[in-house]
Amino acid sequence: MQDLNPQQKQALEITDGPILVLAGAGSGKTRVITHKFAHLVKTKKVSPDAVLAATFTNKAANEMRERIRALLGKDMKSSWIGTLHSQCSRILRKDINALGYGNDFSIYDEDDRCTLIRHILKEFKIYEALYKGVSSRMNLLKAALVGPEEFLSAGEGFGFDEKLAKVYVRYQDELKRSNAVDFDDLIMLTVKLLKEHPKILARYQEQLPYVLVDEFQDLNYAQYQLVKLMAQKNRNICAVGDDDQSIYKFRGADVQHILNFEKDFPKTRVVRLERNYRSTQNILDASHSVISMIANRKSKKLWTERGNGEMVNFCWLSSEEEEAKHIAKVIKELYLKGSCAYKDIGVLYRVNLQSRAIEDALREMGLPYHIVGGISFYQRKEVKDLIAYVRLVLNHEDNVSLRRIINTPARGIGAATLTKLENEAKKKSICLYDAIKYCIKSNGIIGSTREKLSLFVHLIDKLSSDHYKTAGDLLKAIADKIDCLGQLDEERKQNVIELMASGEGRDMQDFLDKVSLMSSHEQASGGNLISLMTLHNAKGLEFPVVFLSGMEEGLLPYFKSIGNPEEVAEERRLCYVGMTRAKDILFLSGARKRKLYSKLQEQEPSRFLKDLPKACCKWIEKISAPQTIKVVCDNRKKYEVKKTHVPFAAGCRVKHPVWGVGVVRDCYGDGEEQKVMVNFPQIGLKRLSLKMANLTKI
């Protein structure tokens with residue numbers, strides 16, 4: 001324990017009963033979890049295989065496993081350290097047959113899921129472009145443990161939609177027919193398994209009497225129910241998290257789970273980790289001023305021994321192009337001075353469309369960068385194709401994988417043939433692979449196409465029967481038999497070679513599970529590159545220098561959240577997460593004019609800037625054109641925005657000739673450039689030019 005501070009030691013020493021560790025940003029929570037695991041093994045003589053240690057990303061899980069291995073000096077391969085999804089995959093691989101699935105089920109990633117949804121939408125003659133919205137709705141339903149049956153019986157509950165219900169039922173039916181599950185099913189089906197089969201639950205409760213959960217604030221309802229089931233008998237649960245960093249509501253995460261932990265687990269002991277090892281005091285004070293405005297939160301005040309450091313800079317510029325050029329210029333100056341390497345710099349923004357101007361400015365100045373959260377290695381076409389072959393070899397019922405590769409490489413099997421096979425599969429209630437075999441036997445397919453299908457079936461059957469020892473061996477055999485490397489350019493060829501190398505010595509099912517559970521934003525990028533990413537993708541990362549761009553009303557907080565206190569609180573937490581990624585220097589910036597969704601708009605500084613204390617922040621304005629917005633400091637040392645006279649006050653009601661009555665949210669600008677933001681109940685939030693809007697005050 002000699003490396004730990006008093007609060008971290010306290011968290012370690014509480015080994016029995018529920019404990020809530022409120023770990024502020026950069027307070028060493030990973031150290032607490034890893035040392036707690038080691039403490040249980042060394043002091044309490046608990047078996048390493050009797051502790052369920054769960055986190056949210058593969059990167060965090062691998063880091064946790066390596067640190068624990070170093071502390072204990074033991075191989076941790078059989079331990080229950082991993083993401084919640086990987087833990088559920090492990091449980092289901094053993095016991096999913098109790099739910100009517102085979103243990104060799106496939107796991108569909110987001111791309112596979114969307115492919116299947118598009119196929120179903122096309123089948124139902126519903127507009128295919130809706131697939132992303134349908135996928136998102138189904139994500140949220142599964143996160144709330146609402147299956148197709150519950151959704152159908154809920155009536156108006158859960159935002160019931162008849163077309164969505166129809167697609168959802170068909171989607172889950174198709175998954176089961178293909179002996180496949182998607183990412184969200186891993187949690188939902190595990191909860192179903194444990195609830196419906198008490199003996200299985202009792203076995204895992206006995207096997208895993210200790211539960212450690214990292215990033216507890218990110219749990220959705222399904223994940224929370226899973227954790228409660230695992231911990232309800234022994235009550236030896238350690239929840240580590242920070243309600244101030246709960247930013248994934250759009251995925252179903254609910255900050256109330258950490259806020260209500262003490263109610264759900266009576267006699268919980270609470271430990272606060274408030275010493276920060278990452279940032280300077282000025283950065284901590286500035287970020288605390290933003291987060292402390294949330295009323296319903298667990299109070300924490302972070303401090304550090306690193307000293308005050310440089311002041312937080314905010315720069316207000318004329319346009320998004322000027323903002324981007326300013327960021328690029330400052331980065332180049334820092335690099336040329338030797339203050340930091342490019343890889344030490346993170347540029348954060350609220351929405352992806354902000355990256356365009358920043359990328360243009362970085363390219364113009366010749367600065368190297370990469371975008372975190374872009375296409376991952378495992379999502380590249382040539383890689384996905386080979387993985388689809390492996391899936392079909394291991395699971396002949398996997399219709400999504402079969403559809404992907406039946407004509408890859410080109411075999412002359414067209415859409416008409418596939419439609420005929422689909423109809424036959426539906427008629428006989430069999431999978432597509434069995435439908436192909438049936439059509440070949442019954443002469444249901446004409447000559448040349450029948451021969452092509454026979455060759456395809458022979459290939460899959462041969463690969464299935466040859467009993468390859470490892471994933472690497474199977475991948476090499478597939479690549480050889482379909483002449484994969486001979487048909488690709490050099491870059492794609494290298495991707496296939498890398499995939500085959502990554503499968504060497506790996507069990508085939510374990511390899512497939514790892515690939516399916518890998519998130520795109522977890523792909524590492526080597527080299528000395530500036531990192532560009534959204535604030536959501538920045539969670540868990542840190543950089544010596546951080547630029548947080550777009551500090552404007554309508555961006556941060558996002559315009560969809562304005563008017564909803566809970567949504568604005570989430571935006572405040574998002575801003576806090578972005579600010580606390582910075583170790584040494586934090587730059588904030590915004591622009592007076594920005595093109596958002598094909599429309600040039602007048603912007604105002606974010607309301608969050610008003611909370612920044614003058615003592616640790618420096619405000620710089622670089623606007624060449626005449627301004628209607630002036631930034632000043634009042635006697636309370638808070639930044640405020642003074643506006644010119646406006647004809648409509650916030651809160652007054654106005655009538656629009658087309659959209660009817662609405663409520664004014666804001667009015668700004670000067671002369672002919674005056675704009676008004678109005679919320680129309682049936683339409684939503686609109687930004688209008690006063691000159692053109694023809695509004696009447698009522």
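The values are calculated or read from the model by the stated rules, or taken from the named source; none is laboratory data. Worth saying up front: this structure is predicted, and the values here are computed from it rather than measured. When we count neighbours, we look across all protein chains shown, and the Cβ atoms used for this are built from the backbone with ideal geometry, even at glycine. Ligands, DNA and RNA are stripped out before the accessible areas are found, and what is left, the full protein with its side chains, is counted by its heavy atoms. Shrake-Rupley method; radii C 1.70, N 1.55, O 1.52, S 1.80 Å.
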Interchain or long-range residues, amide H under 5 Å from Leu529's placed H: Lys343
Estimated dipole of the stretch 520-612 in Debye, rounded to 20 [Cβ of Lys and Arg +1, of Asp and Glu -1, Cα centre]: 280 debye
HN-Hα J in Hz across the stretch 678-683 - Karplus 6.51, -1.76, 1.60, θ = phi - 60°, x for Gly and Pro: 10, 9, 9, x, 8, 10
Cross-link pairs Lys267/Lys298; Lys437/Lys481; Lys29/Lys298; Lys337/Lys614 - those with Cα-Cα distance over 19 Å: Lys437/Lys481; Lys337/Lys614
Intensity falloff of the stretch 1-94 expressed as log10 I(q)/I(0), Debye formula with alpha-carbon point scatterers, at q = 0.17, 0.21 Å⁻¹: -0.76, -1.15
For the stretch 1-36 and the stretch 442-490, distance of Cα centres in Å: 53 Å
Whole-Å distance, taken between Cα centres, linking the stretch 187-234 and the stretch 325-393: 37 Å
Net dipole in debye of the stretch 448-574 [+1 Lys, Arg Cβ; -1 Asp, Glu Cβ; about Cα centre; nearest 20]: 300 debye
Surface share of carbon and sulfur [accessible, 1.4 angstrom probe, percent] for the chain: 50 percent
Packing-based order for 120-133, 470-483, 192-205, using average beta carbon neighbours within 10 Å, highest first: 470-483, 192-205, 120-133
Over the chain: helical MRE at 222 nm, DSSP H runs n ≥ 4 each giving -39500 (n - 2.57), nearest 500: -13000 deg cm²/dmol
Cβ-based charge dipole, the chain, positive-most Cα from Tyr378, Gln603, Pro209: Gln603
Ordering of 428-434, 212-218, 243-249 by packing [mean C-beta count within 10 Å, highest first]: 212-218, 243-249, 428-434
At 1.567 mPa s and 4 °C, Stokes D of the stretch 352-417 from Kirkwood alpha-carbon radius, µm² per second: 86 µm²/s
Distance (nanometres) between label positions extended 7 Å along Cα→Cβ at Lys132 and Asp510: 3.7 nm
Accessible solvent surface per residue of the chain, calculated while the other protein chains remain in place, 1.4 angstrom probe, Å²: 44 Å²
Under 9 Å, Cβ to Cβ, from Cys439 - net charge with Lys/Arg +1 and Asp/Glu -1: +3
Karplus-derived 3J(HN,Hα), 6.51/-1.76/1.60, for each residue of the stretch 70-87, Hz, glycine and proline x: 5, 5, 9, x, 10, 6, 9, 4, 8, 6, 9, 10, x, 6, 4, 5, 5, 5
Count of Lys pairs (Cα-Cα under 21 Å; at least 8 positions apart or interchain) in the stretch 60-187: 16
Inter-probe distance in nm under a simple model that places probes 7 Å from Cα toward Cβ, at Lys74 and Lys618: 5.3 nm
Amide proton proximity set for Gln601, modelled H, under 5 Å, gap of 5+: Arg594, Lys595, Leu596
Dipole axis of the chain (+1 Lys, Arg; -1 Asp, Glu on Cβ), positive-most option in Cys431, Ala615, Ile117: Ala615
Charge dipole magnitude, Cβ of K and R +1, D and E -1 - the chain, Cα centre, debye nearest 20: 1060 debye
Phi-based couplings in Hz for the stretch 174-180 (Karplus 6.51, -1.76, 1.60; Gly and Pro marked x): 5, 4, 5, 4, 8, 6, 9
Around Lys583: net Lys/Arg minus Asp/Glu count, Cβ-Cβ under 9 Å: 0
Label-point separation in nm, Met293 to Ser47, each point 7 Å along Cα→Cβ: 5.3 nm
Percent of alpha-carbon pairs separated by more than 44 Å within the chain: 32 percent
Whole-number D in µm²/s for the stretch 171-314 (Stokes-Einstein; Kirkwood sum over Cα pairs; 37 °C, 0.692 mPa s): 182 µm²/s
Formal net charge of residues neighbouring Cys652 (Cβ-Cβ distance under 13 Å; K, R +1; D, E -1): +3
Signed unit charges on C-beta, dipole axis of the chain, positive-most listed residue Leu353, Met64, Ser246: Ser246
